[in-house]
Amino acid sequence: MEYLYQLLTLSGIVLLACISPGPDFVAVTSNALNDRRSGVFVGLGIACAVVVWAALAILGFGLLIKELFWLYEAIRLAGAAYLIYLGTRMLIASFKARNGEPRVDDVPRIGALQAWRQGFLVGITNPKTATFFATLFVTVLPVGAPTWVYVSVVALVGLITAGWLGLLATFFSVGRVRSIYARVSRVVDAVMGAALVGLGIRLASSR
């Protein structure tokens, strides 16, 4: 196929971007340790947000957001505030828990819609995703590519993101992993909470 090389190249870059640790990783794994379904739906929410950003980049909005300083800053600060909010909640919960608690089976499970919404908010409030795709598409995709190529690109982005995050959720919800987590839940929650706060601060201070 004429555009196969570009699609494979783009898929590889997107996969590497997904594997790189960040807010997506922490959001999915922290939920999957308590409940696989929650982790999966957080991942699906993030994947949906990534699809939105990819589609906007295809339409040219990614470069527009990069040029509109006030819009980029508003999205960036909203994303930073949300990450800090999630991290603070995890830190507070870890400090309130007694030694050896909470047990995994006793942790309240959030609903599928709530988990999806949490993931979507984590993904959609990261304007760097928009500029990443805008730059990537301009660099990799040839000018004047047919419509099916752009549709395929957006579909690949969504499938790769959902697939990788789904694998993460599945792994971190395995019984053995969860049993280890049950013994060190306070430490893990504190570390993940601090990671989210740190990522939020980094996002807020970055340009």
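The values are calculated or read from the model by the stated rules, or taken from the named source; none is laboratory data. These numbers come from a predicted model, not from an experiment. Counting neighbours? That spans all protein chains shown, and the Cβs are built from the backbone with ideal geometry, glycine included. Just so you know, the surface numbers come from the protein's heavy atoms only, side chains and all, with ligands and any DNA or RNA stripped out. Shrake-Rupley method; radii C 1.70, N 1.55, O 1.52, S 1.80 Å.
For this structure, a couple of remarks:
- Residues in region 92-113 that are open to solvent by less than 40 Å² (accessible area, probe 1.4 Å) and at pLDDT 80 or above: 2 in all.
- Within the span defined as region 21-28, every residue fails to be touching a helix residue (DSSP H, G or I) at 6+ places or on another chain (Cβ under 8 Å) and more than 18 Å from G79 (Cα to Cα).
- Tally of residues being touching a Gly at 6+ places or on another chain (Cβ under 7 Å) and farther than 9 Å from A169 by Cβ across region 25-52: 8
- Residue within region 70-81 that is open to solvent by less than 30 Å² (accessible area, probe 1.4 Å), among the acidic types (D, E), assigned to a helix (DSSP H, G or I) and modelled with pLDDT under 85 present: yes
- Scanning region 39-56 for residues that are buried (at least 24 other Cβ atoms within 10 Å of the Cβ) and under 9 Å from the mean Cα position of the chain (by Cα), we see that the one that is farthest from L165 (Cα to Cα) is V50.
For every residue, the table says whether it meets (1) surrounded by fewer than 20 Cβ atoms within 10 Å (Cβ to Cβ); (2) within 23 Å of M90 (Cα to Cα).
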residue	(1), (2)
T129	no, no
L136	no, no
T139	yes, no
G175	yes, yes
R183	yes, yes
G200	no, yes
